[in-house]
Amino acid sequence: MSNELPFEQPLTELRNKIEELKRFTAEKGIDVSEEINHLEAKAAQLEEEIYSNLTPWQRLQIARHAKRPTTLDYINRIFTHFIEVHGDRLYGDDPAIVAGVAKLDGRPVTVVGHQKGKDTKENIARNFGMPHPEGYRKALRAMQQAHKFKRPIICFIDTPGAYPGKEAEERGQSEAIARNLQEMARFEVPIICIVTGEGGSGGALALGVGNHIYMLENAVYSVISPEGAASILWKDASLAQQAAEQMKITSYDLYQFGIVDKIIPEPRGGAHRNVDEQAQEIKKALLEGLKTLDQMDGPALTHHRFEKFKAIGQFGVALDEEQA
Amino acid sequence: MLKDLFSKRRKYATIPSEQAKKDIPEGLMTKCKSCGSITYSKELKKQLMVCSNCGFHFPLTAWERIEMTLDEGSFYQYDQELVSQNPLNFPEYMEKLEQDMKRTGLKEAVITGEGRIKGYPVVIGVMDSRFRMASMGSVVGEKLTRAIEQALEKRYPVIIFSASGGARMQEGVLSLMQMAKISAALNKLDQAGLLYISVLTNPTTGGVSASFASLGDYNLAEPGALIGFAGRRVIEQTIRQKLPDDFQTAEFLLKHGQLDQVVHRHELRDFLANLLEIHADHRQPAGAAKGGMQGEQ
């Protein structure tokens, strides 16, 4: 099974054994139900052990899972009437970001998100969800329209990061990200951002300045990938696992820091195990969130967003007698 | 034999004797990192730390920058008491901070405050790359945000001299969020119709380049400054090609439409003063806009 992650292997083996015994029972007519019951209890226990104690590294594997649902998977399940818009009107259309209008329970909203592929071919077309400047500018265009037509903005975040390429630099990757950060602070409509998979650094944050920020339980959000951190800090990318533990990248960590407002639970084993169920959980969170934010008018929403980000950070005060 | 014509002559490198070394006091001369020419440090300082041979702009300390930019004695510092903590319990982070504090006399990687340029009041932020490569953590984010809020209150223009390796990894996602925090503050400044000038100096990369440093009403840079989002090595590894030598230099960015001007350090103060003059409130009677100026220099 290609779906399975290394740490899930013992469970899969046990499950296979149970299947084998069941088949044996059916074929030979010998009753081994006692053994089967025993093993099933053991499997349940093992499942509990594995999934209730996921390490940050294991969550990262789930967040990056090849079968992890993508933004379009969620859009198709959560919204109706989705109409995709293309292009930044300046240079091109970036397939690594999707944007459009849709209805959420009958209410018009603007939706933008990073888009990874479902297989290698699509991933190459989508550039593995790593946007170029035109992707961010397309997202900005869609969000400016949301501001104009007074509809909420929903952002789905799932990217390893902004693309580190020659053309991306030439066309102003820095400026594109920076512009989104500034403009997102301005829109007088509710903005809800959901990290569904990988929240990779500035490339993620460029769709991340929301009134509310939610994370799926196994999603990660970090300033740099654990591989990058290990290679820069310890000059050794193989220490990525250690970096993942150190960097505090899980939904629980970000909730503790006061960055994330809500952790959206995932089906046992990860969102890919039941995409419909996951989509419903997200929809529920969105509807609840909008209900709260609807109580604020435009200026109150931008004020709320500014105050949210202003409060993020940790520092101390050291008084010094000599400096003037 | 023909071979004998080419006698082996060994060359020995000459190492100056201990005595000779002592003859030149430490720091009297400075060698240019670009062309290798040697200048009297005093002369170099007079040249605002620009190599008179090749024009290389030496990196400046934050205090040197403040001194050469603002009117003498006009600087008043904000929030100098803010210091970093260790939110991720990152190994050796506190030790490294302490080392840099001792080495630089700074408490963090940015100095903020207010002062005057040829009489025009400004709020100023200056990053110092000697301190943790001027990486942006919670303190840098908080100090710049507060400085921008001061500018909003006083209706002063803001000038930020950036120089940074990017977000500070030891503070993890908290440092990432500082990008949004400062940019949101700059949005307020923008909406209030106030001027923001970003001066990008060597090097301005990563999260700083991808936030406040790129958001100026005017984006200026010093010649030769390295400016970019992703690191050169990362890009080369990703696209598997060599990049041109001038890639991500100030001149490269100017060519690609990302900067308004590349300004030589010798002209920078005048340049800034001109911009401030243009953006001063000209509806008031002549002279009043500069209120309480200290005389032109």
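The values are calculated or read from the model by the stated rules, or taken from the named source; none is laboratory data. Because the structure is a prediction, the values reported are computed rather than measured. Here Cβ is always computed from backbone atoms with ideal geometry, including for glycine, and neighbour counts include all displayed protein chains. Accessible surface areas use protein heavy atoms only, side chains included; no ligands, DNA or RNA. Shrake-Rupley method; radii C 1.70, N 1.55, O 1.52, S 1.80 Å.
Farthest toward the positive end of the dipole of the protein assembly as shown, out of A:299, A:289, B:125, is the Cα of B:125, where the dipole comes from beta carbon charges about the Cα centre. Around the amide H of residue B:218, modelled in the peptide plane, lie the amide H atoms of B:196, B:198, all under 5 Å away and 5 or more residues distant in sequence or on another chain. Put simply, chains A and B cover up around 5000 Å² of each other's accessible surface, both sides summed, when a 1.4 Å probe is used. Towards the positive end of the charge dipole of chain A, with charges on Cβ (+1 Lys, Arg; -1 Asp, Glu), say which of A:135, A:210, A:318 has the farthest Cα. Sorting the options by dipole projection puts first A:135. Here the mean projected area of the convex hull built on the C-alpha positions of region A:82-238 is 10.1 nm². With the simple model of a label 7 Å out from the Cα in the direction of the Cβ, residue A:123 to residue A:284 spans 3.1 nm.
Write down the Å³ per residue value for the convex hull defined by the alpha carbon atoms of region B:101-243.
Numbers: hull volume 17.9 nm³, N = 143.
Normalising the Cα hull of region B:101-243 by residue number yields 125 Å³.
Here the protein assembly as shown is treated as a sphere whose radius is the Kirkwood value from Cα pairs; by Stokes-Einstein at 20 °C and 1.002 mPa s it diffuses with a coefficient of 80 µm²/s. Here residue A:103 is the anchor, and the aspartates and glutamates within straight C-alpha reach of less than 13 Å, apart from those fewer than 8 places off in the same chain, are A:84. Per-residue SASA remark: residue A:25, around 40 Å² accessible (1.4 Å probe; ligands, DNA and RNA not included).
Here the 3J(HN,Hα) profile of region B:181-190, calculated from phi with Karplus coefficients 6.51, -1.76 and 1.60 at θ = phi - 60°, is 5, 5, 5, 5, 5, 5, 4, 4, 4, 4 Hz, Gly and Pro shown as x. The listed peptides A:129-139, A:32-42, ordered by packing as a protection proxy, come out as A:129-139, A:32-42 (highest mean of other Cβ atoms within 10 Å first). Remark: C-alpha extents of region B:47-136 on the principal axes read 45, 34, 19 Å, sorted largest to smallest.
A cut-off of 5 Å between modelled amide H atoms, ignoring neighbours fewer than 5 places along the same chain, links residue B:229 with A:174, B:206. As a quick test, which of the pairs B:107/B:154; A:118/A:235; A:148/A:283; A:22/A:118; B:181/B:255; A:138/A:166 have an alpha carbon distance above 28 angstrom in this structure? Pairs exceeding 28 Å: A:118/A:235; A:22/A:118; B:181/B:255. By a 1.4 Å probe calculation restricted to protein chains, residue B:32 has an accessible surface near 10 Å², given to the nearest 10.
Ranked by solvent-accessible area (1.4 Å probe, protein heavy atoms only, all chains present), the residues B:63, A:57 order from largest to smallest as B:63, A:57.
The H on the amide N of residue B:136, modeled in the peptide plane, is under 5 Å from the matching H of B:166, B:167, B:168, each at least 5 residues off or on a different chain. Here the protein assembly as shown is assigned +1 on the Cβ of each Lys and Arg and -1 on the Cβ of each Asp and Glu. Its dipole about the Cα centre then comes out at about 1560 debye.
Based only on the alpha carbon positions, what is the Kirkwood hydrodynamic radius of region A:1-76, in angstrom? Mind showing how you got there, number by number?
Values: mean 1/r = 0.0684 Å⁻¹.
Final number for the Kirkwood radius of region A:1-76 is 14.6 Å.
Once divided by 2.2 N^0.38 Å, the Cα radius of gyration of region A:120-187 becomes 1.19.
Taking the 1.4 Å solvent-accessible surface of region B:47-110 as the whole, the part contributed by carbon and sulfur is 47%. Every Cα-Cα pair of chain A was included, and the share exceeding 24 Å stands at 58 percent. Ligands, DNA and RNA excluded, the heavy atoms of residue A:247 present near 10 Å² of accessible surface to a 1.4 Å solvent probe. Taking the Cα centre of region A:168-223 as origin and assigning +1 to Lys and Arg Cβ atoms and -1 to Asp and Glu Cβ atoms, the resulting dipole is close to 100 debye.
Label region A:54-113 by shape, choosing from rounded, prolate and oblate, from the square roots a ≥ b ≥ c of the eigenvalues of the Cα gyration tensor; if a/c is under 1.5 it is rounded, and otherwise prolate applies when a/b is larger than b/c, oblate when it is not. It is oblate, given that a/c is not under 1.5 and a/b is not larger than b/c. For chain A, what is the calculated [θ] at 222 nm in deg cm²/dmol (nearest 500), taking -39500 (n - 2.57) for each run of four or more DSSP H residues and dividing by its residue count? Theoretical 222 nm ellipticity from helices: -14500 deg cm²/dmol. At what distance in angstrom do the alpha carbon centres of region A:89-148 and region B:151-225 lie from each other? Between the Cα centres of region A:89-148 and region B:151-225 lies a distance of 26 Å.
Plainly put, chain B has a radius of gyration that is 1.06 times its Kirkwood radius, both from alpha-carbon atoms, as the Rg/Rh ratio.
How fast does region A:176-246 diffuse by Stokes-Einstein, in µm²/s, taking the Kirkwood radius from C-alpha pairs at 37 °C and 0.692 mPa s?
Details: Rh = 13.4 Å.
Calculated translational D: 245 µm²/s.
Comparing Cα centroids, region B:83-112 and region A:251-273 end up 31 angstrom apart.
Scalar couplings 3J(HN,Hα) for region A:193-198, obtained by applying the Karplus form with A = 6.51, B = -1.76, C = 1.60 to θ = phi - 60°, are 10, 10, 7, 9, x, 9 Hz; x denotes Gly and Pro. Specify the angular offset, from 0 to 90 degrees and rounded to the nearest 10, of the alpha carbon long axis of helix B:93-104 from the longest principal axis of the alpha carbons in chain B. Around 80 degrees separate the two axes.
Measuring r between the beta carbons of residue B:38 and residue B:264 and using R0 = 30 Å, the FRET efficiency lands at 0.85. Against the main long axis of the alpha-carbon atoms of chain B, helix B:138-154 sits at an angle near 40°.
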